[in-house]
Every structure is written in structure tokens, then in C-alpha cells.
1. Going by the conditions given, is Lys86 within 11 Å of the chain's Cα centre (by Cα) and surrounded by fewer than 18 Cβ atoms within 10 Å (Cβ to Cβ)?
2. Test Gly122 against the criterion of being farther than 18 Å from Pro13 by Cβ, at pLDDT 95 or above and assigned to a loop (DSSP other than H, G, I, E, B), and give yes or no.
3. For region 83-99, how many residues are over 15 Å from Val28 (Cβ atoms) and in a helix (DSSP H, G or I)?
4. Mind telling me which of the residues Ala112, Ala106 ends up being in contact with a Gly (Cβ under 6 Å, 6 or more places away or on another chain) and closer than 15 Å to Val28 by Cα?
5. Of all residues in region 99-125, count the ones that are touching a Pro at 6+ places or on another chain (Cβ under 9 Å), among the β-branched types (Val, Ile, Thr) and closer than 19 Å to His75 by Cβ.
6. For region 11-24, give me the residue count where each residue is crowded, with 18+ Cβ neighbours inside 10 Å and either of a type in the set (S, T, N, Q) or assigned to a strand (DSSP E or B) (or both).
7. Could you identify the single residue in Glu107, Glu131 that is at pLDDT 95 or above and of a type in the set (Asp, Glu)?
Amino acid sequence: MYTEQVMEHFYNPHNMGELSDANGIGEVGNPKCGDIMRMYIKVEDGVIVDVKFKTFGCGSAIATSSIATDMVKGHTIEEALTLSNKAVVEALGGLPAHKIHCSVLAEQAIKAAVADYYTRQGIDPTPIVGEIKTCDGNESCACEHNK
């Protein structure tokens with residue numbers, strides 16, 4: 001059911017914790033859906049030099065958070081914004097269909113952290129980052145879509 005990569009990131013998550021000097025913090029999810037992800041980024045000269053996460057959720061939520069942080073750390077903000085939930089799933093070697101929503105949340109959590117970074121810089125993030133899809137517990141939330 002779960003790939004070796006998913007199990008590795010679940011049992012030994014990378015970049016877990018908080019960043020006290022984060023200059024971008026994003027949170028997505030909803031307790032009604034069962035998964036909440038918070039991403040912390042430290043950006044210097046347009047590069048994400050450090051990233052951490054705290055996730056409340058299932059093993060797939062933890063694994064997708066972990067791999068997403070690996071995929072953006074050391075990359076520019078622009079590169080981080082190209083991260084897709086499909087790339088997260090591929091990097092993990094796949095996820096069961098009913099867990100794809102976790103990869104959507106990981107993508108959205110990174111984008112939310114970047115949006116917060118831009119907001120703190122006095123820049124409107126919407127034209128750059130786009131709309132952040134959050135879960136409000138109804139059928140239109142990111143948790144319910146298998147993108």
C-alpha cells in the first residue's frame with residue numbers, strides 16, 4: 001500500500017520542527033479533514049536556505065510534508081512555487097488515491113509560506129503565488145480534491 005519512500009519519510013521525517021527565525025510561515029488544512037500542515041521558511045537573497053514543518057495528520061501527511069521540504073530547500077522562491085502535488089507524489093513513488101489530498105496540502109503549505117514571506121516584505125503575494133486553497137470542511141476544500 002505504501003512505498004518505501006513514504007515509509008522512510010514517515011519514520012524519519014526530514015526538516016521537522018519550527019524555525020525561530022522564519023521569515024515566512026504558512027498553514028493549511030483543517031481539523032475537520034484531519035490534516036494540518038505548517039511550513040516555516042527562511043529566505044535569504046531569494047533562496048530558501050532553511051525550511052521546517054509541523055504536521056498534524058496521518059503518515060502520508062507527514063511524508064508529503066517531509067519530501068516537500070527536501071524539494072524546496074536550497075532552491076529559489078520561484079523554483080519552490082513550481083512545486084506541484086504531482087511532483088510530491090512522484091518523489092514518494094506514489095500514494096494511495098485516497099491520500100493524494102496530502103500532497104495537495106504539502107504544495108499549498110509551501111505556497112502559503114511563500115505568500116507570507118511576500119506579505120512580510122510589503123508585496124502583494126496573490127499575483128505571484130496565486131490563491132491558496134485552504135480547507136474549510138466543505139466539499140470545495142483542497143482536502144477533497146485529487147489533483
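1. Numbers: within 11 Å of the chain's Cα centre (by Cα): no; surrounded by fewer than 18 Cβ atoms within 10 Å (Cβ to Cβ): yes.
It is false that Lys86 is within 11 Å of the chain's Cα centre (by Cα) and surrounded by fewer than 18 Cβ atoms within 10 Å (Cβ to Cβ).
2. Working: farther than 18 Å from Pro13 by Cβ: yes; at pLDDT 95 or above: yes; assigned to a loop (DSSP other than H, G, I, E, B): yes.
Judged against the criteria, Gly122 is a match.
3. 8
4. On the way: Ala106 fails: in contact with a Gly (Cβ under 6 Å, 6 or more places away or on another chain).
Testing whether each residue is in contact with a Gly (Cβ under 6 Å, 6 or more places away or on another chain) and closer than 15 Å to Val28 by Cα leaves just Ala112.
5. Adding up the residues that qualify gives 1.
6. Residues that pass the stated criteria total 2.
7. Numbers: Glu131 fails: at pLDDT 95 or above.
The conditions single out Glu107.
Per-residue answers, yes or no, for (1) closer than 18 Å to Tyr117 by Cβ; (2) surrounded by fewer than 18 Cβ atoms within 10 Å (Cβ to Cβ):
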{"site": "His9", "(1), (2)": "no, no"}
{"site": "Gly29", "(1), (2)": "no, no"}
{"site": "Gly34", "(1), (2)": "no, yes"}
{"site": "Met39", "(1), (2)": "yes, no"}
{"site": "Gly46", "(1), (2)": "yes, yes"}
{"site": "Val49", "(1), (2)": "yes, yes"}
{"site": "Ala61", "(1), (2)": "no, no"}
{"site": "His75", "(1), (2)": "yes, yes"}
{"site": "Glu78", "(1), (2)": "yes, yes"}
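The values are calculated or read from the model by the stated rules, or taken from the named source; none is laboratory data. Only a predicted model underlies this, so the values are computations on that prediction, with no experimental measurement involved. We place every Cβ from the backbone using ideal geometry, glycine too, and count neighbours over all the protein chains shown.
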